[in-house]
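For reference, the structure discussed in these notes is given below.
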Amino acid sequence: MSIQSSIRRKTAPDIRARKRGEPIVMLTSYHAHTAALVDRHCDVILVGDSLGNVMHGFETTVPVTLDMMILQGAAVMRGSKQALVVVDMPFGSYEASREQAFNSAVRIMKETQCGAVKLEGGVRMAETIAFLSGRGIPVMGHIGLTPQSINTLGSFRAQGRNEVDWGPIEDDAKAVADAGAFSVVVEAVAEPLARRITETIAIPTIGIGASAACDGQVLVLEDMLGLSPRTPKFVRRYGNLGPAIEAAIEGYATDVRSRAFPAPEHVYEMKKS
Ligand code: KIV
């Protein structure tokens, strides 16, 4: 057996078992090269439909297609070895019926070989989550702020700021857990509500802009690296790579223009970076 095949990838049940245990570390990645870096430190890699904003410059995630998710999901699987890879179901690929969701999820799982899918929505998607989970497809839920609904929400505002608004969000959390999701992303939800949901439901909550009260955290990789032109206020930056990349590009351009480029003797020999 090769060394590679002896490393077991984390599974949805492994993540489910982390409820109230060691916090779950999750980051997004859309490429093989960033997946390899993220894989060394994270339990879960999310191939988020935020790739529409980050990679493609769309204003929202609405234009993202199933083919785009499958292409990047397969790249992330090739780049990673041990993390559970979860691929987002894009807007329009699952809402029409349980059968539409099943067909889209099967394509994602067969063509990327990822370990789970994620979809947005609570009570309204519970029947679909139960349908998929009962047919061999692990589902991660996503409640609170659901960016694919931007056109009905009107803005990307935090959810559940006032206690009177907590009821529907708590109902969503409970519905997703009862339907058989193995974990749920809770986005842009006020701390007391995130804490209450985390204490109440049986599956791990993974927060983004929802406080440290959750069972784990997720961020968009490019946001925490300082590569995104705009980031939500709650994002803590762990790097400022934008200026470093620009300085490297500037150095290259200067070398090319001044003909100070290295001689090509070993041009096809690869060196490990
Ligand atoms: O698409 C994405 O990256 C996400 C995270 C923000 C949770 O859904």
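For the stretch 215-227, which residues satisfy the criterion of being away from the ligand (no atom under 12 Å from the Cβ) and either open to solvent by 20 Å² or more (accessible area, probe 1.4 Å) or more than 11 Å from Y238 (Cβ to Cβ) (or both)? Result: D215, L225, L227.
Scanning the stretch 93-120 for residues that are assigned to a loop (DSSP other than H, G, I, E, B) and within 15 Å of the ligand (Cβ to nearest atom) yields S93, Y94, C114, L119, E120. Here A126 qualifies as more than 16 Å from the ligand (Cβ to nearest atom), more than 17 Å from the chain's Cα centre (by Cα), under 19 Å from I197 (Cβ atoms) and open to solvent by 10 Å² or more (accessible area, probe 1.4 Å). Pairing each residue of the stretch 152-166 that is open to solvent by 70 Å² or more (accessible area, probe 1.4 Å) with any residue that is at pLDDT 90 or above and not hydrophobic (A, V, I, L, M, F, W, C), provided the two are 6+ apart or on different chains, yields C-beta distances under 7 Å for F156/P147. Checked against the criterion of being within 28 Å of P13 (Cα to Cα), touching a strand residue (DSSP E or B) at 6+ places or on another chain (Cβ under 6 Å) and assigned to a loop (DSSP other than H, G, I, E, B), the stretch 178-190 contains one or more residues that satisfy it. Can you confirm whether the stretch 65-82 contains a residue that is closer than 30 Å to G154 by Cβ, free of Cβ contacts under 8 Å to residues at least 24 places away in the same chain and either within 14 Å of the ligand (Cβ to nearest atom) or part of a helix (DSSP H, G or I) (or both)? Yes, the stretch 65-82 contains a residue that is closer than 30 Å to G154 by Cβ, free of Cβ contacts under 8 Å to residues at least 24 places away in the same chain and either within 14 Å of the ligand (Cβ to nearest atom) or part of a helix (DSSP H, G or I) (or both). Residues being more than 12 Å from the ligand (Cβ to nearest atom), under 30 Å from R98 (Cβ atoms) and without any contact (Cβ under 8 Å) to a residue 12 or more places away in the chain are entirely absent from the stretch 240-251. Taken together, the residues in the stretch 20-50 that are free of Cβ contacts under 8 Å to residues at least 60 places away in the same chain, within 16 Å of the ligand (Cβ to nearest atom) and open to solvent by 40 Å² or more (accessible area, probe 1.4 Å) amount to 1. Exactly one residue out of T205, T198, T254 is more than 24 Å from V76 (Cβ to Cβ), touching a Ser or Thr at 6+ places or on another chain (Cβ under 6 Å), hydroxyl-bearing (S, T, Y) and open to solvent by less than 100 Å² (accessible area, probe 1.4 Å): that is T198.
Here's the yes/no breakdown for (1) more than 16 Å from the ligand (Cβ to nearest atom); (2) under 21 Å from the mean Cα position of the chain (by Cα); (3) at pLDDT below 95; (4) under 23 Å from F131 (Cβ atoms):
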| position | (1), (2), (3), (4) |
| --- | --- |
| F156 | no, yes, yes, no |
| Q159 | no, yes, yes, no |
| D165 | yes, no, yes, no |
| D178 | yes, no, no, yes |
| A181 | no, yes, no, yes |
| V186 | no, yes, no, yes |
| E199 | yes, no, no, no |
| T205 | no, yes, no, yes |
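The values are calculated or read from the model by the stated rules, or taken from the named source; none is laboratory data. The shown structure was predicted, so the numbers you read here are calculated from the model rather than taken from an experiment. So basically every Cβ, Gly included, is an ideal-geometry build from the backbone, and we count neighbours across all protein chains shown. Heavy atoms of the whole protein, side chains included, go into the accessibility calculation; ligands, DNA and RNA do not. Shrake-Rupley method; radii C 1.70, N 1.55, O 1.52, S 1.80 Å.
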